[in-house]
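What follows is a single structure, written as structure tokens, with notes after it.
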Amino acid sequence: MTKQIPTLEHFPYRISIPTRWSDNDMFGHINNVLYYRYYEAVILKFLAEKAGFHGFDEPVLVFAAESQCRFLKPLSYPGNIVATLCIEHLGRTSVRYGLGLFEEGAVEAAATGHWVHVFVDRASQRPVPIPEHFRHVFSQFQVTNDV
């Protein structure tokens, strides 16, 4: 079964990330490991900018429970990458971000994936319900259709 490639419009949150010469591998493409760095960058920027979360002294933390990347087209230096995010699923203690990486100016994703964060109490390191202010922010970026 072939999955439809998501377009930029699927993702309501976006940031631009400049590539660096050192991001390329020996084949002239962005190294696969860096795709996860770009995912991490868009998630952390989203949490800081939209939810005021920085993770240093908050009583509730987020732990990565799962991540996935589907490579569709190569990206390379020089250029900018548009890293995108939506909320695919909002659970009781976890959230699943839908993610996409686009070459600047492109409509179809070069990579898609997801990342699951579980909210945990800093002291006990046990899952806790997603705080209400996060839930409110997440609901504003939630999409109903899965691509």
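What follows is calculated from the coordinates using simple rules that are stated; it is not laboratory data. Since the model is a prediction, treat every value here as computed from it, not as a measurement. Positions of Cβ are generated from backbone atoms using ideal geometry, with glycine treated the same way; all protein chains shown enter the neighbour counts.
In this structure the amide hydrogen of ILE30, modeled in the peptide plane, comes within under 5 Å of the amide hydrogens of ASP25, LEU75, SER76, TYR77, none closer than 5 places in sequence on its chain.
Using only Cα coordinates, the Kirkwood hydrodynamic radius of the chain works out to 15.9 Å. If the chain linking LYS50 and ARG126 were pulled fully straight, counting 0.36 nm for each residue of separation and taking away their Cα-Cα distance, it would gain 24.9 nm.
From its DSSP helices (H runs of at least four residues, each -39,500 (n - 2.57)), the chain gives a residue-normalised ellipticity at 222 nm of -6500 deg cm²/dmol.
Which order do the peptides 32-38, 19-25, 111-117, 55-61 come out in when sorted by mean C-beta neighbours inside 10 angstrom, highest first?
Values: 32-38: 16.7, 19-25: 13.9, 111-117: 20.6, 55-61: 10.9.
Peptide ranking by packing, descending: 111-117, 32-38, 19-25, 55-61.
Using only side-chain charges placed at the Cβ, +1 for Lys and Arg and -1 for Asp and Glu, the dipole size of the chain relative to its Cα centre rounds to 180 debye.
Once both axes come from the Cα atoms, what is the angle between helix 32-51 and the longest principal axis of the chain, in degrees from 0 to 90, rounded to 10? Helix 32-51 and the main axis of the chain meet at about 40 degrees.
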